[in-house]
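*Asks:* Once you've had a glance at the structure underneath, I'll fire off some questions.
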Amino acid sequence: MTETQRAQVRLPRHIGIIMDGNGRWAKQRGLERSEGHRAGANTFRRICDYAAEIGIECLTFYAFSTENWKRPAREVAAIMDLFRDYLKEAQEREAENARKGFRIRYIGTREGLAPDIVAMIELIERQSAAQTATVVNLAVNYGGRDEIVHAVRALAAQVAAGTLQPAEITEQQISDQLYTAGLPDPDLIIRPSGELRLSNFLTWQSAYSELWFSDVLWPDFTPEDLDRAIFDYNERNRRFGGV
Ligand code: FPP
């Protein structure tokens, strides 16, 4: 967007993005699905940089769901390798990421992830913890319902220990137990590739999110598409249940 547009637009604080359509993008080109994911990972980098450049405070990218383990082992391995590549690159480019102000966080369950990936996540979260410009949440092995189950278990443990009364449980306490604790709920959720559903993404947090869909396949998604989503968001009238 231009400087003038940037000055006039109301930016969403938190944007969630479902990176969908990589497989179809690859198929259209006669390529392996993993090539689609590779192209998708590059789009992720580009969109991350652009969103930070225009001043988005928080981004959440859905890269792999708790249900995606059902895919062929080769495809799962290829996605995990792309995730590894990104984490390694983020470590190597610590200074560059610090200059961009990226705080990188993982959201999802660590159970089932390879130990080297968990170690890299922990390192990158520590390395970037002091950055404040843009939080980048990587949702890998993430499921919205699974996240709620984890939160409920944590609260149930406090009830069992006698430190919490069931009647005292509030929405805020549930939010505080989620992987996104401390972050604003997503104002805008973007799903490319023509599918019109949320697929277990930010299930609790999306209660009042504006949804934006597009037929563009994720590898083809451009900064201009992000602008379009933000301009459309500006036309929405968010009432949060009021009038
Ligand atoms: C959905 O498209 C995409 C995925 C399940 C994987 C997304 C992963 C990446 C973009 C790379 C991960 C990397 C990082 C850096 C976090 P699909 O395969 O369901 O597409 P289709 O619906 O066209 O088959």
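The values are calculated or read from the model by the stated rules, or taken from the named source; none is laboratory data. As the structure is a prediction and not an experimental result, all values here were calculated from the model. Cβ coordinates were reconstructed from backbone atoms using ideal geometry, including for glycine residues, and neighbour counts include every protein chain displayed.
*Asks:* In the stretch 79-169, which helices (runs of 4 or more DSSP H) lie fully inside it and hold 2 or more residues that are within 19 Å of the chain's Cα centre (by Cα) and not polar (S, T, N, Q)?
*Replies:* 115-128, 144-160
*Asks:* Could you list, in sequence order, the residues of the stretch 1-54 that are polar (S, T, N, Q) and more than 8 Å from the ligand (Cβ to nearest atom)? Outline the logic, then answer.
*Replies:* Here is the first cut: in the stretch 1-54, the residues polar (S, T, N, Q) are 2, 4-5, 8, 22, 28, 34, 42-43.
Selection gives THR2, THR4, GLN5, GLN8, GLN28, SER34, ASN42.
*Asks:* Among ASP49, ASP20, which is farther than 22 Å from TYR142 by Cα, acidic (Asp, Glu) and at pLDDT 95 or above? Give the derivation first.
*Replies:* Values: ASP20 fails: farther than 22 Å from TYR142 by Cα.
One residue alone meets the criteria, ASP49.
*Asks:* Continuing with this model, one more query. Restricting to the stretch 55-77, give me the number of residues that are over 19 Å from the mean Cα position of the chain (by Cα) and either among the charged types (D, E, K, R) or in a helix (DSSP H, G or I) (or both).
*Replies:* If we filter the stretch 55-77 for residues that are over 19 Å from the mean Cα position of the chain (by Cα), which is where we start, we get 70-75, 77.
Those left that are additionally either among the charged types (D, E, K, R) or in a helix (DSSP H, G or I) (or both): 70-71, 73-75, 77.
Here the count works out to 6.
*Asks:* Out of all the residues in the stretch 93-104, is one or more near the ligand (Cβ under 9 Å from one of its atoms) and surrounded by fewer than 21 Cβ atoms within 10 Å (Cβ to Cβ)? Don't jump to the end; show me each part of the working.
*Replies:* The first filter runs over the stretch 93-104 and keeps only residues near the ligand (Cβ under 9 Å from one of its atoms), leaving none.
Checking the stretch 93-104: not a single residue is near the ligand (Cβ under 9 Å from one of its atoms) and surrounded by fewer than 21 Cβ atoms within 10 Å (Cβ to Cβ).
*Asks:* Identify, please: which residue in the stretch 140-162 is away from the ligand (no atom under 16 Å from the Cβ), in contact with a helix residue (DSSP H, G or I) (Cβ under 9 Å, 6 or more places away or on another chain) and of a type in the set (Val, Ile, Thr) and is, among those, nearest to THR203 (Cα to Cα)?
*Replies:* Result: ILE148.
*Asks:* Sort out which residues of the stretch 59-70 are more than 9 Å from the ligand (Cβ to nearest atom) and out of contact with any Gly (no Cβ under 9 Å at 6 or more places or on another chain), and write them in order of number. Show your work before the answer.
*Replies:* Let us first name the residues in the stretch 59-70 that are more than 9 Å from the ligand (Cβ to nearest atom), namely 59-60, 66-67, 69-70.
Selection gives LYS70 alone.
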